[in-house]
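Chemist: Sharing a structure, written as structure tokens. Questions coming.
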Amino acid sequence: SAAEKGGHEYFMLKEIEEQPEALANTLRGHFAGGRVILDEQRLSDQDLREVDKVFVVACGSAYHSGLVAKYAIEHWCRLPVEVELASEFRYRDPVLDRDTLVVAVSQSGETADTLEAIRHARDQKARVLAVCNTNGAQIPRESDAVLYTHAGPEVGVAATKTFLSQIAANYLVGLALAQARGTKYPDEVAREFAELEGMSAAVHKVLSTVDQVRELSRGIADSKAVLFLGRHVGYPVALEGALKLKELAYMHAEAFAAGELKHGPIALIEEGLPVVVVMPSPKGRAVLHAKLVSNISEIQARGARTIVIAEEGDDTVRPFADELIEVPAVPTLLQPLVSTVPLQVLSAEIARSRGYDVDKPRNLAKSVTVE
Ligand code: G6P
């Protein structure tokens, strides 16, 4: 009913708007006095100190949250992090032993591929930490430690608030590792975690772009395809934006790391093709920012319609943006928490313009319990 949707036309929009609260709930209880507290902790600090490699295994949007985690954990902890699609993981012959930490990210905690991946990891003596939104689900039950995301139940099939909560939880896993093992960058890590607590407010601010994105989505609904470009943590955000558009609007959507543009994707650019670009911060990542501005000018010169997600006050990119969606300035590693939000709205609103049921996309299930 309309009341259940909190006055929204569809649950997904309600859940998008619940993201500031979901984030706060993920942090609450797990992050106090600058320290991380895990649930069902059966891993000692000594175990965490012995870790020499991390695998994140997950499917769908959860996999994209893992890609974000890689940038953060490698930098903060100087530990190699591989992010693996759970469905590929155990059929490859991954190198695992007792010093390997496998982080299984799953909203439902019941995804068959992710469950089988951790079973394989445990058979090889690896330690398993689950990031999960569902208390007592199978994946946390079979893990050595758990971090529950507490995002609340999600009705929309496509992940929104649970995705943002997964990203935040993965940062907490990074911080837990950094605290147990020490970090080369204590000041930076402390600063980023202080800012993490303010991210609810930043996400709340991004929600003010909903009307702009809704308006803009009408002009894209008839396109044949949409491309997404990003770099660094903006690349997984681009992947998530493309996945959402496929899931909800049934459109061909592809994401590329912007540095690959000249190695193929630029051949796809044609008059009127919408290209969504996730910009890094002009201050935080000046070099990458300049490279992306140059990419955008090239695709715009070839007739693409550029839709640019950029930090507030980013004036350099403005001349190349046919549409500019501004998000608050936040530390680079935390940027996915704000830049993902307009892309969620974009895919939902394009789907609506095309007449589709945003909450129940065809052929998809909220939780995939068969391989
Ligand atoms: C399904 C859902 C996706 C989700 C994926 C992984 O495909 O439609 O939204 O990202 O499963 O689900 P999990 O519960 O393991 O996070």
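Read-outs: derived from the displayed coordinates by stated rules, not from any lab. Given the structure is predicted, the values throughout are model-derived calculations rather than measurements. With ideal geometry, Cβ positions are generated from the backbone for all residues, glycine too; neighbour counts draw on all protein chains shown.
Chemist: Under 6 Å between Cβ atoms, which residue pairs at least 6 apart in sequence (or on different chains) link something in the stretch 35-63 that is more than 26 Å from GLU195 (Cα to Cα) and away from the ligand (no atom under 16 Å from the Cβ) with a partner that is part of a helix (DSSP H, G or I) and not charged (D, E, K, R)?
Modeler: As it stands, the answer is none, since no pair meets every condition given.
Chemist: A further question follows. Quick check on TYR250: is it touching a residue at least 24 places away in the same chain (Cβ under 8 Å) and more than 15 Å from the chain's Cα centre (by Cα)?
Modeler: Considered against the rule, which asks whether it is touching a residue at least 24 places away in the same chain (Cβ under 8 Å) and more than 15 Å from the chain's Cα centre (by Cα), TYR250 comes out as yes.
Chemist: Let me ask something else about it. Please find, among VAL210, VAL233, VAL278, the residue that is closer than 16 Å to ILE325 by Cβ and either among the acidic types (Asp, Glu) or surrounded by 21 or more Cβ atoms within 10 Å (Cβ to Cβ) (or both).
Modeler: Of the residues listed, the single one that is closer than 16 Å to ILE325 by Cβ and either among the acidic types (Asp, Glu) or surrounded by 21 or more Cβ atoms within 10 Å (Cβ to Cβ) (or both) is VAL278.
Chemist: Go over the candidates LYS205, LYS161, LYS184 one by one and state the one that is out of contact with any Leu (no Cβ under 6 Å at 6 or more places or on another chain), among the basic types (Lys, Arg) and within 16 Å of GLN335 (Cβ to Cβ).
Modeler: The conditions single out LYS205.
Chemist: Name the residue that is farthest from VAL233 (Cα to Cα), counting only residues in the stretch 64-91 that are within 12 Å of the ligand (Cβ to nearest atom) and assigned to a helix (DSSP H, G or I).
Modeler: SER87
Chemist: For the condition touching a Phe, Trp or Tyr at 6+ places or on another chain (Cβ under 7 Å) and surrounded by 24 or more Cβ atoms within 10 Å (Cβ to Cβ), what is the one hit in ALA58, ALA62, ALA72, ALA22?
Modeler: It is ALA72.
Chemist: Within the stretch 350-371, count every residue that is of a type in the set (Val, Ile, Thr) and farther than 23 Å from VAL105 by Cβ.
Modeler: 2
Chemist: Still on this structure, I have one more. Would you please name the residue that is surrounded by the most Cβ atoms within 10 Å (Cβ to Cβ), looking only at residues in the stretch 130-188 that are of a type in the set (Asp, Glu) and away from the ligand (no atom under 16 Å from the Cβ)?
Modeler: The residue in question is ASP144.
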